[in-house]
Amino acid sequence: MSAGPYNYEYIFKYIIIGDMGVGKSCLLHQFTDKKFMADCPHTIGVEFGTRIIDVAGQKVKLQIWDTAGQERFRAVTRSYYRGAAGALMVYDITRRSTYNHLSSWLTDTRTLTNPSTVIFLIGNKCDLDSADGSQRDVTYEEAKQFADENGLMFVEASAKTGDNVEEAFLETAKKIYQSIQDGRLDLNAAESGVQHKPPQLGSDFTPNKDPCSC
Amino acid sequence: MTGITDSESDASSVSKRLNKILETRVENDTNTLEGLKELSVFFKENTLQSRRNLRSKIEKRSLEINADFLSAFQVVKEKLDSVYNDVKAMNESVQIMTTQLHSTKTHTHRLIEQTLKLQSDAKKISMQQQVAEAFIGQFQLSPEQLALLTDSNISQSFFEALDKVHSIHERCRTLMQSGLRTVALDIMEQMSRYQEAGLDKLYRWAQFHCKGIESIEMSNLLTRAMARLQERPVLFKYVVHEYCISRRAVMVQMFIDALTSGGPGGTPKPIEAHSTDSKRYVGDMLAWLHQAIPNERENILLLLRDCSKEELSKDIDEALSNITEGVCNPLQVRLETVIQQETSPSNLYSVISLLKFYHNIISSVIPGSVLESVFIEQTSACRKQFFSLLEDIVAKMLQDRVEAPPSNLTPAPGVLHLLALLRQVLSVASVTENRQVDIVKIVASVIDPLLQAVSLSAARLTTTDMAVYLLNCFHQMASTLALYEFTDQRLERLQAQSDAQIDTLTSEQASSLVANLNLGPIYTILQDSSDAPLSQIPGMEPECLDSFFGKLEHFLMMPDMLLLPQINYLQSSNHRLEIQRRANEVISAIYRQLYQRIHDPKNMYSNPSHLMPRSPEQVHELLLGLKEPKKNENTSGIISL
C-alpha cells in the first residue's frame, strides 16, 4: 500500500518555556535544523517549529511552540499552554535566577495544561561547565532532586553542542506515546495535544473497493 | 639347307601341335565336355550306322533346335511387338499429356502470377492492418479506457486513461507536422472532447470528495485529481473552494468546542470559562486560532501536493483565508462583547495590544484574509472604545473629584487618582512594537485635561501658592511619566512649565528676601547711576547700611529663616533648593555690587572694610554653600525685581 496522506501517524504539540535567554529558541533550532544559532534574537511572542521523529516505530510529527521568555509577552505565551502534550521547561545552569524561577514556571504549566502533559526539565548550556573554569551555578544533583520531587523528567543539555537535545525531545515523545498506549491520553478529545492521523480504511466515500488500485 | 630347316621346322611345329594335343586334357575342356555330354544324350549306340548318321543327326538336331529357337523367338518377337505398341501408345499419351501440360502450364502461369500478387497484397494489407492497429493504439482509447473516462468511479486507471488522452492530443501535433492535418485535427477534437468530459467528471468527483483529504485512499486520488484540474483553473478553484467550505465548517466546530467544552475531562478548561478575564479570554482565543492555522496549511498543502508549485502560494493563501473566514463571525461577536463590556482601560489596552500582536502574526501567515480584516476592524474598534472610555473616566473624574487644592498645596486626590490610572495603562506589558503613537495619545488624553483642570483649580490661589501647587502637580506628572518610554517630549513640556513656575517662585522668594533684609532702597540707589558719591546719598549713609548688615548677618547664620512658608510645601526638594539657591544668588550679587561700590574710593566711605567685614566670596559661600566661581560672575544673576 502506498504512503498515507500524511507521512506520520501522530501530531504531538509541545511548548518550550523558561526565562529569557536560557536558550529555548536555540534548543528548538538545534532540534529542528541541527544547527546552533549563535546570535539568536529575542523571540517575539511565539515561534513555531516542526520535525518528524520515530517513536516505537511510529512516525510522529512534533509541532513545537517556542515561547518568548520576556515578561512582557507572558500574557501572550500563557495562552499557548492549552492542550500541549509536552512542555519543555528550560533553565540556564550558569544563571541561578533562571533556576529559581522554575517553580513559577511549573505552577503555570500545571494550572494551564492537562494532568497528562509530560513536563521535561532541561538544564541548558552544559557546555559552559568545563573542567577549567566552570561557569556552573546550579549543580546537577540539585536540579535532579527538584525534578524528582516534582515528577519531572530531567537532563542537562547544550543547544550549542547538541548534547542531549535529541534525547530531551525524544524522551518526552516516548512518554506521551506511552500515555496513549496506556489509554491515559484520550485521542478523541479535542485539545489533548495529540492528533492521530490514522489511515482511515473503509470510509464512507471510498470510491474504489479494490485496494490494489492505489 | 632349307629343306632341312623346313623339315626341321615342320617337325618342330608338328611336335608342338602334338605336344599340344598331348597336353590337352579332355576333362579340362568344358566346351568339349558339354558337347560330349550333349552327344551322349542322343548317341546311344556306337554303331557304324549311327556313326554315319551322326552328322546328319547332329545337323538335323541343330535344325530342330534352330526351329525351336525360331518359334521361341517368334513369341518373344510378338511380345516385343506388343511392348513396342504399348510403349508407342504410352509415348503418344505422354505426348498428349505433355502438350496438355504445356497448355495447362501456360494457363496456370497467370493464375500463379495472380496468386503471388494476391499474396503480396495480403501481406501489404496485413501490414497496413498492423499499422492501423498501432495507429489506433496510439491515437485512440481502448473501450475499457473510454469506459473509465465516463463511468462514475475514479480510480488510478482513470488517470492513466486521462494521461493517454493527453498524450494522444500531444502526439497529434506530430501527426499534423507529418501532413495528416485532417486526421490530426479530427483526433485532437475528439480527444479534447474526452478530456473535457474526463476533467468534468473528475471535477464533480473531487468537489464531492475533497473533504476526505485526511483518508489514505482518497488523498492519493485527490492529490492526482487536483494536479489534473490545475489545467482548468476554473474547475480547480471550484474544488478548492468546496474544500475550503468543508474545512471552514470543521474549523468553526473545533473553535466552538474549544470555546465551550475545552479539552478532555474539562482540562484545559473551555476558553469561555475565562470570559470575565478579558486579557486571558481574548489571548486564548487568538492563540487557539494561531495554532489552528498550521494544521490547515498542512492539509491544503497535502491536497495540492502534486500540483505545479508555480503561483500556488497565492491559491494556498486564498484557501487559508477562505477556511479561516468561518471563525471570523464567532470571533468578532466575542471580541465585540469584550470590547463593549470591559470597563477597565488598562484591560482594554491589553486587548488592543493582543489584537495588534496577532494582527501582525495573521498578516504574515495569511495576508489579506478576512480574518486579518477582523483584526484591523476590531483593533480600531477597541482603540476607539479604549480612548472614549479613557476620556470618559478622565472627564468624569475631573468633574467630580478635582477639588480645590488642599491647604498644604499637594496635588488633589483626583490628580493622583488619574495619574495612577495612567500608570496602570502605561504599565500594560506591550507585546508589539510601534506603540509610540498610542502612548503619546494616551498620555495626552489624561495629561492635557488634567493640566487644564489643575490650572483652573489653582487660579484662585495667590501667585506663590499657585506656583507651588502647579509645581507639585507638574512634578507628580513628570515623575509618573519618566518611568515610561516615548514620553520625552511631554516631559520636556512639563519641564518648561515647571521652569516658568520656578522663575515665579524665585522672583517671589528674592523679593521677599530683599524686603526682609531692607535691601529695597539700597538696591534702587545702586541701580541709579548718579555721579554723586554714594556715601552722601540719603539712605546710603554707613548708619543706614548698618541695619542691613545686621539683618544680613542674621540671615547668613540662618538662611532658611527667611524662606517663604509655601516653599516648604514643594514636594520636590530639587525645586525647593533651586529656588532658594537662585534667590540667594540675587542677594549675593547685590552684596557684591554694594561691596564694590563701597570699596570704590570715589564713593568716599571712610572705612569700607570695617563697614563690610565680609567679602562677597564669604557671603556667597555662606548663602550657596560653595565657593563662588571666580569667573562668570553675574551668572543667573540679577533678575528683575
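The values are calculated or read from the model by the stated rules, or taken from the named source; none is laboratory data. It should be emphasised that the depicted structure is a prediction, and the values quoted were computed from it without experimental measurement. Ideal geometry is used to build each Cβ from the backbone, glycine not excepted, and the neighbour counts take in all protein chains shown.
Consider B:Glu217 against the criteria (1) crowded, with 19+ Cβ neighbours inside 10 Å; (2) of a type in the set (Asp, Glu); (3) modelled with pLDDT of 85 or more: it satisfies all of them except one. Which criterion is unmet?
(3)
Looking at (1) hydrophobic (A, V, I, L, M, F, W, C); (2) more than 8 Å from every other protein chain (Cβ to nearest Cβ); (3) in contact (Cβ under 8 Å) with a residue 60 or more places away in the chain, which is the only condition B:Leu221 fails?
Against the list (1) hydrophobic (A, V, I, L, M, F, W, C); (2) more than 8 Å from every other protein chain (Cβ to nearest Cβ); (3) in contact (Cβ under 8 Å) with a residue 60 or more places away in the chain, B:Leu221 comes up short only on (2).
If B:Lys279 passes every condition in (1) free of Cβ contacts under 8 Å to residues at least 40 places away in the same chain; (2) farther than 17 Å from B:Gln253 by Cα but one, which one does it miss?
(1)
Scan the stretch B:430-445 for residues that are out of contact with any Asp or Glu (no Cβ under 9 Å at 6 or more places or on another chain) and farther than 19 Å from A:Gln70 by Cβ and report the count.
Within the stretch B:430-445, residues that are out of contact with any Asp or Glu (no Cβ under 9 Å at 6 or more places or on another chain) and farther than 19 Å from A:Gln70 by Cβ number 7.
If we scan the stretch A:7-28, do we find a residue that is closer than 30 Å to B:Leu221 by Cβ, more than 13 Å from chain B (Cβ to nearest Cβ), loosely packed, with under 15 Cβ neighbours inside 10 Å and in contact with a strand residue (DSSP E or B) (Cβ under 7 Å, 6 or more places away or on another chain)?
So far as the stretch A:7-28 goes, no, none of its residues is closer than 30 Å to B:Leu221 by Cβ, more than 13 Å from chain B (Cβ to nearest Cβ), loosely packed, with under 15 Cβ neighbours inside 10 Å and in contact with a strand residue (DSSP E or B) (Cβ under 7 Å, 6 or more places away or on another chain).
Can you confirm whether the stretch B:244-257 contains a residue that is within 24 Å of A:Thr50 (Cβ to Cβ), facing another protein chain (nearest Cβ under 8 Å) and assigned to a helix (DSSP H, G or I)?
Yes; the residues of the stretch B:244-257 include at least one that is within 24 Å of A:Thr50 (Cβ to Cβ), facing another protein chain (nearest Cβ under 8 Å) and assigned to a helix (DSSP H, G or I).
Among (1) within 22 Å of B:Arg224 (Cα to Cα); (2) part of a loop (DSSP other than H, G, I, E, B), there is one condition B:Leu149 misses while meeting the rest; what is its number?
(2)
Looking at B:Thr260, is it surrounded by fewer than 16 Cβ atoms within 10 Å (Cβ to Cβ) and either at pLDDT below 85 or within 14 Å of another protein chain (Cβ to nearest Cβ) (or both)?
yes
Among A:Lys209, A:Lys197, which is within 12 Å of another protein chain (Cβ to nearest Cβ), under 27 Å from A:Val55 (Cα atoms) and either at pLDDT below 90 or buried (at least 21 other Cβ atoms within 10 Å of the Cβ) (or both)?
Answer to the check: A:Lys197.
Tally the residues that are in contact (Cβ under 8 Å) with a residue 40 or more places away in the chain, within 14 Å of chain A (Cβ to nearest Cβ) and of a type outside the set (A, V, I, L, M, F, W, C), restricting the search to the stretch B:298-326.
Of the residues in the stretch B:298-326, 3 are in contact (Cβ under 8 Å) with a residue 40 or more places away in the chain, within 14 Å of chain A (Cβ to nearest Cβ) and of a type outside the set (A, V, I, L, M, F, W, C).
Residues checked against (1) under 20 Å from A:Lys125 (Cβ atoms); (2) without any contact (Cβ under 8 Å) to a residue 60 or more places away in the chain:
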position: A:Ile11; (1), (2): no, no
position: A:Gly21; (1), (2): yes, no
position: A:Leu28; (1), (2): yes, yes
position: A:Val55; (1), (2): no, no
position: A:Lys59; (1), (2): no, yes
position: A:Val76; (1), (2): no, yes
position: A:Ala84; (1), (2): no, no
position: A:Ser104; (1), (2): no, yes
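Of the numbered conditions (1) within 14 Å of another protein chain (Cβ to nearest Cβ); (2) in contact with a Leu (Cβ under 7 Å, 6 or more places away or on another chain); (3) closer than 17 Å to A:Gly23 by Cα, A:Arg78 satisfies every one except a single condition; which is it?
Among (1) within 14 Å of another protein chain (Cβ to nearest Cβ); (2) in contact with a Leu (Cβ under 7 Å, 6 or more places away or on another chain); (3) closer than 17 Å to A:Gly23 by Cα, the lone unmet condition for A:Arg78 is (3).
This table checks each residue for (1) assigned to a helix (DSSP H, G or I); (2) more than 18 Å from B:Ala412 (Cα to Cα); (3) more than 49 Å from the chain's Cα centre (by Cα).
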| position | (1), (2), (3) |
| --- | --- |
| B:Val446 | yes, no, no |
| B:Pro449 | yes, no, yes |
| B:Leu456 | yes, no, yes |
| B:Cys473 | yes, no, yes |
| B:Phe486 | no, yes, no |
| B:Ile502 | yes, yes, yes |
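Answer yes if at least one residue in the stretch A:153-170 is surrounded by 15 or more Cβ atoms within 10 Å (Cβ to Cβ), in a helix (DSSP H, G or I), touching a residue at least 24 places away in the same chain (Cβ under 8 Å) and within 14 Å of another protein chain (Cβ to nearest Cβ), and no otherwise.
There is no residue in the stretch A:153-170 that is surrounded by 15 or more Cβ atoms within 10 Å (Cβ to Cβ), in a helix (DSSP H, G or I), touching a residue at least 24 places away in the same chain (Cβ under 8 Å) and within 14 Å of another protein chain (Cβ to nearest Cβ).
In a helix (DSSP H, G or I), free of Cβ contacts under 8 Å to residues at least 12 places away in the same chain and of a type in the set (Gly, Ala, Ser): does that describe B:Ser407?
Spelling it out, it is not the case that B:Ser407 is in a helix (DSSP H, G or I), free of Cβ contacts under 8 Å to residues at least 12 places away in the same chain and of a type in the set (Gly, Ala, Ser).
Which one is surrounded by the fewest Cβ atoms within 10 Å (Cβ to Cβ), of the residues in the stretch B:421-468 that are of a type in the set (Gly, Ala, Ser) and over 20 Å from A:Arg72 (Cα atoms)?
B:Ala459
Kindly indicate whether A:Thr107 is facing chain B (nearest Cβ under 9 Å), among the polar types (S, T, N, Q) and surrounded by fewer than 16 Cβ atoms within 10 Å (Cβ to Cβ).
no
Can you tell me which residues in the stretch B:339-365 are more than 14 Å from chain A (Cβ to nearest Cβ) and in a helix (DSSP H, G or I)?
Correct list: B:Ile339, B:Gln340, B:Gln341, B:Pro345.
On the given criteria, is B:Ala583 among the small types (Gly, Ala, Ser) and in contact (Cβ under 8 Å) with a residue 60 or more places away in the chain?
So B:Ala583 passes the test.
Return the residue satisfying two criteria in turn: it lies in the stretch A:47-73 and is at the interface with another protein chain (Cβ under 7 Å from one of its Cβ atoms) and not aromatic (Phe, Trp, Tyr), and of such residues it is farthest from A:Val155 (Cα to Cα).
If we take residues in the stretch A:47-73 being at the interface with another protein chain (Cβ under 7 Å from one of its Cβ atoms) and not aromatic (Phe, Trp, Tyr), then A:Arg72 is farthest from A:Val155 (Cα to Cα).
Could you check, for the stretch A:66-78, whether at least one of its residues is under 16 Å from the mean Cα position of the chain (by Cα) and aromatic (Phe, Trp, Tyr)?
no
For the stretch B:133-151, how many residues meet the condition of being in contact (Cβ under 8 Å) with a residue 40 or more places away in the chain and in contact with a helix residue (DSSP H, G or I) (Cβ under 7 Å, 6 or more places away or on another chain)?
Total meeting the criteria: 4.
Criterion first (assigned to a helix (DSSP H, G or I) and surrounded by 24 or more Cβ atoms within 10 Å (Cβ to Cβ)) does A:Thr98 satisfy it?
yes
Kindly provide the set of residues from the stretch B:228-244 that are more than 21 Å from B:Phe159 (Cβ to Cβ) and buried (at least 16 other Cβ atoms within 10 Å of the Cβ), ordered by number.
B:Cys244
Take the stretch B:263-297 and flag every residue that is assigned to a loop (DSSP other than H, G, I, E, B), among the hydroxyl-bearing types (Ser, Thr, Tyr) and within 10 Å of another protein chain (Cβ to nearest Cβ).
If the condition is that a residue be assigned to a loop (DSSP other than H, G, I, E, B), among the hydroxyl-bearing types (Ser, Thr, Tyr) and within 10 Å of another protein chain (Cβ to nearest Cβ), then B:Thr267 is the only one that fits.
Within 25 Å of B:Arg435 (Cβ to Cβ) and either among the small types (Gly, Ala, Ser) or surrounded by 15 or more Cβ atoms within 10 Å (Cβ to Cβ) (or both): is that true of B:Ala319 in this structure?
no
Answer yes or no as to whether B:Arg435 is touching a residue at least 40 places away in the same chain (Cβ under 8 Å), in contact with a Leu (Cβ under 9 Å, 6 or more places away or on another chain) and not aromatic (Phe, Trp, Tyr).
Spelling it out, it is not the case that B:Arg435 is touching a residue at least 40 places away in the same chain (Cβ under 8 Å), in contact with a Leu (Cβ under 9 Å, 6 or more places away or on another chain) and not aromatic (Phe, Trp, Tyr).
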